Amino acid sequence: MIKCVLFDLDGTLIQTTEIIINTFKITFEKYFPELKLSEDDYTNMLGQTLFTTFGYYTSQEEKVDEIVQFYRTYSNDMIEQGLLAYPGAKDVLAFLKKKNIKVGIVTSKMRKVATHHLEITGLYEHLDGIIGYEDVNEHKPSPEPIEKALTLLGAKKSSTIYVGDHENDIIAAKKAGIQTCAVTYSHRLKEMLSYQPDYVIDELDNIKDLI
């Protein structure tokens, strides 16, 4: 029986995927105009930290910091103009809380930013805890973020499931020894399915069927 549900944030609970990809394109056009990246290149960036992503293209730490700052400023402007949760997100979180099920977020986004985005979309009030960028030394696909969330929420591996939209979510959760769930509205569905998640759902409301 499921007693704890952990969620990835971007592309799983909140509709930031297109904003993120478009911001990547703008950022690469500005800083690396000579590069010709494919759509797969951009969607693969969804599961990594910004420092890891831009660190692939330059070894200069100061330049990486500058690029990350530009990216964050641009994407935050886009998000403030109208960030939305995915259909059913608020209803599902409220349902889980009524069932006395622990609800947590495990994201590579900075906790302060993640909290703000959750507040904008009206999801924050339903959460029991957040594990963000600064809370771990290693990020997904490492199991450390999941393990930190289990400790934070006092949850058992055997009764916890992680819901995500990227293969790194599935890999991290499997390494941590918990159940996995993939959402089909992901830009990385094929890659996720190759790691054989325990469950695959078309919409967040389907989580109710797993409880």
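Summary table
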{"item": "Residue match in the range 130-142 (condition: part of a strand (DSSP E or B), within 15 Å of the chain's Cα centre (by Cα) and without any contact (Cβ under 8 Å) to a residue 60 or more places away in the chain)", "result": "yes"}
{"item": "Selection count, the range 59-73, where residues are touching a helix residue (DSSP H, G or I) at 6+ places or on another chain (Cβ under 6 Å) and modelled with pLDDT under 95", "result": "0"}
{"item": "Qualifying residue in the range 19-27 (condition: at pLDDT 95 or above, more than 26 Å from residue 192 (Cα to Cα) and not assigned by TED's automatic domain parsing to the domain that holds residue 187)", "result": "yes"}
{"item": "Evaluation of residue 167 against (1) touching a residue at least 24 places away in the same chain (Cβ under 8 Å); (2) farther than 18 Å from residue 17 by Cα (one fails), failing number", "result": "(2)"}
{"item": "Residue that is nearest to the chain's Cα centre (by Cα), among those in the range 1-34 that are within 21 Å of residue 202 (Cβ to Cβ) and surrounded by fewer than 22 Cβ atoms within 10 Å (Cβ to Cβ)", "result": "10"}
{"item": "Residue in the range 62-84 that is part of a helix (DSSP H, G or I), of a type in the set (A, V, I, L, M, F, W, C), touching a residue at least 60 places away in the same chain (Cβ under 8 Å) and over 19 Å from residue 145 (Cβ atoms) present", "result": "yes"}
{"item": "Residue list for the range 192-210, filter: surrounded by fewer than 19 Cβ atoms within 10 Å (Cβ to Cβ), in contact (Cβ under 8 Å) with a residue 40 or more places away in the chain and in a helix (DSSP H, G or I)", "result": "205, 208, 210"}
{"item": "Residues satisfying the stated conditions in the range 101-123, i.e. under 14 Å from the mean Cα position of the chain (by Cα) and either in contact (Cβ under 8 Å) with a residue 24 or more places away in the chain or crowded, with 17+ Cβ neighbours inside 10 Å (or both)", "result": "104, 105, 106, 107, 108, 109, 110, 111, 113, 114, 117, 118"}
{"item": "Whichever residue in the range 56-72 is surrounded by fewer than 19 Cβ atoms within 10 Å (Cβ to Cβ) and under 20 Å from the mean Cα position of the chain (by Cα) and, among such residues, is farthest from residue 167 (Cα to Cα)", "result": "69"}
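To keep it simple, each residue is scored yes or no on (1) closer than 22 Å to residue 94 by Cα; (2) out of contact with any strand residue (DSSP E or B) (no Cβ under 6 Å at 6 or more places or on another chain); (3) not hydrophobic (A, V, I, L, M, F, W, C).
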{"position": "129", "(1), (2), (3)": "yes, no, yes"}
{"position": "143", "(1), (2), (3)": "no, yes, yes"}
{"position": "155", "(1), (2), (3)": "yes, no, no"}
{"position": "163", "(1), (2), (3)": "yes, no, no"}
{"position": "173", "(1), (2), (3)": "no, no, no"}
{"position": "178", "(1), (2), (3)": "no, no, no"}
{"position": "189", "(1), (2), (3)": "no, yes, no"}
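The values are calculated or read from the model by the stated rules, or taken from the named source; none is laboratory data. Computed from a predicted structure; not experimentally measured. Cβ atoms come from the backbone with ideal geometry, glycine included; neighbour counts cover every protein chain shown.
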